[in-house]
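Engineer: Below is the structure I would like to discuss, written out as structure tokens.
The values are calculated or read from the model by the stated rules, or taken from the named source; none is laboratory data. Bear in mind that the values here come from a model prediction, so they are computed numbers and not experimental data. All Cβ positions, glycine included, derive from the backbone under ideal geometry; neighbour counts span all protein chains shown. Note: areas computed on protein heavy atoms with side chains; ligands, DNA, RNA excluded. Shrake-Rupley method; radii C 1.70, N 1.55, O 1.52, S 1.80 Å.
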Amino acid sequence: MRLIPFVVSALITTGLVLSLNTKWGTVPAMGRFLSPQHGFWQNAEAADLDYNADLSVHGLQDKASVYFDDRLVPHIIANNDNDAYFLQGYIHAKFRLWQMEFQVFAAGGMVSHILGAGEDSAYLRYDRSMRRLGMVYAAEKTLEVMNADPVMLSQQNAYTAGVNAYIDQLTESQLPIEYKLLDYKPERWTNLKSALFAKYISYDLAGHDDDLEYTNARNNLSHLDFEKLFPATQDSLKPIVPVTENNYPATAAFDMNAPASADSLYFTYKKDSLTNILPKPDKDNGSNNWAVAGSKTADGAPILCNDPHLGLNLPSIWYEMQLSTPSFNAYGVTFPGAPNVIIGYNDSISFGVTNSGRDVKDYYQLKFRDGSMNEYWFDSAWVKASKRIELIGVRGSRTMADTVTYTLFGPVIYDHTFPAAAGNQNYYAVRWKAQDPSNEMKMLHGLNHAKNYDDYAEAIKSLTCPGQNPIFASVNGDIAIWQQGDFPAKWRRQGDFIMPGEDSSYLWRGIIPQGENPHMKNPVRGYVSSANQLSVDTAYPYYTGNSFPVYRGYIVNRLLDSMRLVSVRDMQRMQTSNYNVKAEFARAILLQTDPAKLNLDEKKYMNMFRTWNLRNDASEFGPTVFTVWWSEFEKAVWSDELEKPGVPMPWPNESTLVESLQKDSSYKFVDDINTPQVETLADLLAGSLKKAAIQLKTAELNGKLAWGAYKGTKIQHLLKLPAFSRLNLNAGGGAGVINATKEDHGPSWRMIVRMSAQPQGYGIYPGGQSGNPGSQYYDNFVNGWVKGEYYTLWMMKRTDIGDKRIKWTMNFSPAGAI
């Protein structure tokens with residue numbers, strides 16, 4: 001954004017904040033906010049802003065420089081690792097300070113501290129849920145592990161010192177505009193805040209669960225019907241490690257037999273339905289990655305590709321950066337708030353991740369002696385619980401003290417005091433792997449420094465949660481993938497529902513040995529890949545959970561199987577592919593609709609679907625018709641069994657209805673159990689199209705029948721302020737498509753790296769390097785991202801100091817140095 005548009009946007013936003021006074025609580029003093037010397041005017045950057053500087057700072061060991069290219073990407077050149085991490089912290093703070101701190105407040109259940117709005121607000125409910133999940137507790141445990149590791153402690157200390165070096169010199173006029181809008185100032189950074197951010201990533205990627213919803217479904221369905229609606233595997237699954245490549249044991253390292261009581265308890269014992277379920281992360285937080293061996297590429301060099309699918313926000317979750325010292329040279333995207341490159345490459349290897357989707361979060365129903373919750377019944381005895389007092393500051397109100405009870409299962413997240421529910425006498429503790437001490441940042445340090453497969457394989461062992469699928473390619477030709485994390489050894493269906501917590505029968509049997517996690521190196525087929533699908537087939541001796549997406553993994557593997565002489569351009573086209581394989585499979589089902597039952601409009605929309613090229617391109621009408629029609633069709637099939645007022649229940653996997661009807665057109669769930677007549681597939685197909693046609697006609701009259709206009713992709717500011725967001729982007733893609741761009745969720749970073757002797761990367765993310773809405777670098781990547789374009793990534797060398805691509809230079813020296 002340029003100067004004049006920013007001023008207009010800021011004035012509009014000011015009015016919005018004033019008009020939403022009851023939402024935001026405290027409004028800034030308008031005189032100070034509008035002050036030319038200190039207010040929002042200072043955040044409007046001129047197009048010719050000069051970032052050149054010579055700075056003397058405390059905390060550096062030696063001289064170092066940061067070179068910015070014309071996209072404002074910093075290339076940090078330092079003489080030792082700690083100085084590189086110090087400058088990474090400094091630069092993160094300079095361009096993303098408000099975002100860094102706000103994300104940590106969200107992670108630690110501290111949003112009420114800045115947004116206030118009273119003791120009964122949604123903010124406080126959110127904060128209490130995060131404290132009761134154990135987020136701060138888990139971060140403290142992680143910090144203990146970090147403090148015991150000299151390398152990690154030194155790295156984190158340097159990063160934190162760099163953040164604080166920037167904060168210490170920050171003037172009021174330089175404060176990011178969000179501080180001015182909300183009228184507060186940044187706190188000093190701490191190592192705990194980086195640990196909290198790491199746990200927030202675990203929450204985002206391993207914090208989703210459907211246990212309570214599945215418990216409701218179990219309580220309302222027969223055992224047979226539940227298995228039909230929620231099968232543990234899908235017919236169209238292409239597992240990450242195919243059966244021809246499996247290298248896991250035939251038998252488990254633990255006794256995987258369920259307790260004798262499990263079957264009868266799970267499917268005959270009915271408890272009250274759970275109605276007041278807390279919010280949780282987006283279940284579609286996932287990604288695509290693949291690496292193609294040199295045997296399949298045009299020039300013999302492996303190519304690695306990765307695009308993580310996360311919420312689309314401004315400022316972007318990612319910040320592009322190069323870190324270069326005598327011991328390592330890494331380029332890629334980083335998380336503001338933590339050291340190292342997260343997804344990227346160095347001179348020897350490239351690395352990326354996708355989410356494993358494995359179930360590492362379970363609930364246990366406990367029996368307490370009384371309402372004091374001091375003792376709970378376990379293994380035929382009363383066991384003393386521990387208490388943790390969580391102090392939650394509420395802006396404009398008193399500090400709230402929330403007492404959280406801890407048990408051997410974990411903290412009690414649901415009890416008679418929270419969330420507010422009349423008559424709730426149930427106590428549910430949550431056992432979540434992210435609550436355990438961990439050292440995830442050690443993996444990133446190892447990958448940034450890695451030279452070969454052995455270094456990669458050793459580095460990823462430090463990742464315990466969130467479970468990921470780290471992918472690898474190297475200049476020496478190796479490709480590999482592991483599903484890595486500390487995964488509980490579970491018997492079939494363990495953890496799908498709330499489990500009894502009165503004895504040890506339902507505890508996790510242990511953690512699957514790391515060497516038994518699914519993995520693959522240099523397969524004969526010439527590629528490795530993952531797209532959040534189930535990693536293994538049914539021969540794997542451990543239960544992995546019950547619902548994984550299948551269609552992205554299916555089309556990724558189908559395309560890679562067919563490719564030869566692969567180029568970078570081929571990979572760019574594939575990574576931005578809008579082909580809808582689910583629609584391909586569903587087409588024959590929907591086209592059984594009898595045209596004689598349709599009016600002219602309905603026939604028109606059916607024909608649009610019939611003649612559609614199956615690509616979710618922004619200009620196509622077909623994906624809109626398919627999405628609306630299939631949604632109505634699913635409602636017609638599932639709603640009578642799975643929609644009950646006040647009783648949240650999950651819907652089946654994305655592939656269940658397609659696969660079921662392919663096998664049986666008289667599928668029992670086609671009939672509506674709430675009507676006396678027996679409905680047929682023909683009835684539901686025509687009826688669902690009639691309902692869809694009403695919505696499609698409205699969209700057409702409003703000029704929003706084309707997919708891009710209908711979907712209305714948006715990249716919102718973290719505070720949901722329209723003036724600081726990018727709305728109504730004409731983007732293709734969608735759920736189940738390789739280009740998984742939905743309304744506000746999708747590819748948050750697209751990266752392709754050709755692993756030649758000198759690796760060459762290409763990438764883009766939907767945002768910009770600056771967190772300042774008044775900067776031209778705030779959202780300047782967005783248009784190219786929508787179009788499927790890529791930037792050529794520049795891995796700067798120390799000999800490139802005079803290169804014309806350098807636009808600004810910040811030279812740093814230790815304070816007091818001569």
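Engineer: Contact list please: Cβ distance under 6 Å, first residue in the stretch 735-747 and farther than 15 Å from residue 531 by Cα, second residue basic (Lys, Arg) and surrounded by fewer than 24 Cβ atoms within 10 Å (Cβ to Cβ), pairs at least six apart or on different chains.
Structural biologist: 744/714
Engineer: So, one more: What is the residue count in the stretch 133-153 for residues that are in a loop (DSSP other than H, G, I, E, B), touching a residue at least 40 places away in the same chain (Cβ under 8 Å) and out of contact with any strand residue (DSSP E or B) (no Cβ under 9 Å at 6 or more places or on another chain)?
Structural biologist: Number of matching residues: 1.
Engineer: Keeping to the stretch 801-818, report how many residues are in contact with a strand residue (DSSP E or B) (Cβ under 8 Å, 6 or more places away or on another chain) and without any contact (Cβ under 8 Å) to a residue 60 or more places away in the chain.
Structural biologist: So the count comes out to 0.
Engineer: Open to solvent by 10 Å² or more (accessible area, probe 1.4 Å) and either within 25 Å of the chain's Cα centre (by Cα) or within 30 Å of residue 249 (Cα to Cα) (or both): does that describe residue 533?
Structural biologist: When the stated conditions are applied, residue 533 does not pass them.
Engineer: Mind checking which strands (runs of 3 or more DSSP E) fall wholly inside the stretch 275-376 and carry at least 2 residues that are more than 22 Å from residue 797 (Cα to Cα) and among the charged types (D, E, K, R)?
Structural biologist: Passing ranges, in order: 361-366.
Engineer: Inside the stretch 1-110, counting only helices (runs of 4 or more DSSP H) that do not spill past its ends, which hold 1 or more residues that are farther than 22 Å from residue 175 by Cβ and either at pLDDT 50 or above or polar (S, T, N, Q) (or both)?
Structural biologist: 3-19, 21-24, 81-107
Engineer: Something else about it: Could you tell me which numbered condition residue 655 fails, if it satisfies all but one of (1) open to solvent by 20 Å² or more (accessible area, probe 1.4 Å); (2) under 30 Å from the mean Cα position of the chain (by Cα); (3) in contact (Cβ under 8 Å) with a residue 12 or more places away in the chain?
Structural biologist: Of (1) open to solvent by 20 Å² or more (accessible area, probe 1.4 Å); (2) under 30 Å from the mean Cα position of the chain (by Cα); (3) in contact (Cβ under 8 Å) with a residue 12 or more places away in the chain, only one is false for residue 655: (1).
Engineer: Let me ask you something else. Taking the stretch 781-800 as the region of interest, how many residues are in contact with a strand residue (DSSP E or B) (Cβ under 8 Å, 6 or more places away or on another chain) and closer than 30 Å to residue 729 by Cα?
Structural biologist: 11
Engineer: Would you check if residue 112 is of a type in the set (Ser, Thr, Tyr) and surrounded by 24 or more Cβ atoms within 10 Å (Cβ to Cβ)?
Structural biologist: The answer is yes for residue 112.
Engineer: Looking for whichever is of a type outside the set (Gly, Ala, Ser) and open to solvent by 10 Å² or more (accessible area, probe 1.4 Å) here; the options are 304, 310. Which one fits?
Structural biologist: Step by step, each of 304, 310 is checked, and only 310 is of a type outside the set (Gly, Ala, Ser) and open to solvent by 10 Å² or more (accessible area, probe 1.4 Å).
Engineer: Considering only the stretch 554-566, I want to know if a residue exists there that is touching a Lys or Arg at 6+ places or on another chain (Cβ under 8 Å), of a type in the set (Asp, Glu) and either in contact (Cβ under 8 Å) with a residue 24 or more places away in the chain or open to solvent by less than 40 Å² (accessible area, probe 1.4 Å) (or both).
Structural biologist: Yes: one or more hits.
Engineer: If you don't mind, another one. Tell me which strands (runs of 3 or more DSSP E) are completely within the stretch 388-442 and hold 3 or more residues being touching a residue at least 40 places away in the same chain (Cβ under 8 Å) and within 28 Å of the chain's Cα centre (by Cα), or say none if there are none.
Structural biologist: Those strands (runs of 3 or more DSSP E) span 410-414, 427-432.
Engineer: Going residue by residue through the stretch 377-386, is there one that turns out to be touching a residue at least 40 places away in the same chain (Cβ under 8 Å), open to solvent by 10 Å² or more (accessible area, probe 1.4 Å) and part of a strand (DSSP E or B)?
Structural biologist: Yes, some residue in the stretch 377-386 is touching a residue at least 40 places away in the same chain (Cβ under 8 Å), open to solvent by 10 Å² or more (accessible area, probe 1.4 Å) and part of a strand (DSSP E or B).
Engineer: Tell me which residues, restricted to the stretch 257-282, are at pLDDT 60 or above and more than 29 Å from residue 205 (Cβ to Cβ).
Structural biologist: 257, 259, 260, 261, 263, 264, 265
Engineer: So, of the residues in the stretch 620-629 that are in contact with a helix residue (DSSP H, G or I) (Cβ under 7 Å, 6 or more places away or on another chain) and closer than 14 Å to residue 734 by Cα, which turns out to be surrounded by the fewest Cβ atoms within 10 Å (Cβ to Cβ)?
Structural biologist: 621
Engineer: Right, next: So which of 495, 485, 515, 526 ends up being without any contact (Cβ under 8 Å) to a residue 12 or more places away in the chain, under 30 Å from residue 551 (Cα atoms) and either buried (at least 18 other Cβ atoms within 10 Å of the Cβ) or of a type outside the set (D, E, K, R) (or both)?
Structural biologist: On inspection, the qualifying residue turns out to be 515.
Engineer: I need every pair where a residue in the stretch 164-182 that is within 17 Å of residue 770 (Cα to Cα) has its Cβ under 6 Å from the Cβ of a residue that is among the small types (Gly, Ala, Ser), sequence separation at least 6 or different chains.
Structural biologist: 166/93
Engineer: Return yes or no: is residue 657 closer than 30 Å to residue 559 by Cβ and not small (Gly, Ala, Ser)?
Structural biologist: yes
Engineer: Is it fair to say residue 109 is on the phi > 0 side of the Ramachandran plot and of a type outside the set (A, V, I, L, M)?
Structural biologist: For residue 109, the condition - on the phi > 0 side of the Ramachandran plot and of a type outside the set (A, V, I, L, M) - is met.
Engineer: So, one more: Is there any pair linking a residue in the stretch 701-718 that is on the phi > 0 side of the Ramachandran plot and open to solvent by less than 50 Å² (accessible area, probe 1.4 Å) to one that is assigned to a strand (DSSP E or B) and not charged (D, E, K, R), with Cβ under 6 Å and at least six apart or on different chains, and which?
Structural biologist: Listed pairs, sorted by first residue: 712/728.
Engineer: Which count do you get for residues in the stretch 348-376 that are without any contact (Cβ under 8 Å) to a residue 60 or more places away in the chain and out of contact with any strand residue (DSSP E or B) (no Cβ under 8 Å at 6 or more places or on another chain)?
Structural biologist: 3
Engineer: Considering only residues of the stretch 583-619 that are open to solvent by less than 50 Å² (accessible area, probe 1.4 Å) and of a type in the set (Asp, Glu), which is farthest from the chain's Cα centre (by Cα)?
Structural biologist: Filtering the stretch 583-619 for residues that are open to solvent by less than 50 Å² (accessible area, probe 1.4 Å) and of a type in the set (Asp, Glu), the one farthest from the chain's Cα centre (by Cα) comes out as 602.
Engineer: Looking only at the stretch 639-652, filter to residues that are crowded, with 16+ Cβ neighbours inside 10 Å and free of Cβ contacts under 8 Å to residues at least 40 places away in the same chain; which one of those is farthest from residue 230 (Cα to Cα)?
Structural biologist: 640
Engineer: Shifting gears a bit: Do we have residue 570 as closer than 30 Å to residue 292 by Cβ, assigned to a helix (DSSP H, G or I) and open to solvent by 60 Å² or more (accessible area, probe 1.4 Å) here?
Structural biologist: When the stated conditions are applied, residue 570 does not pass them.
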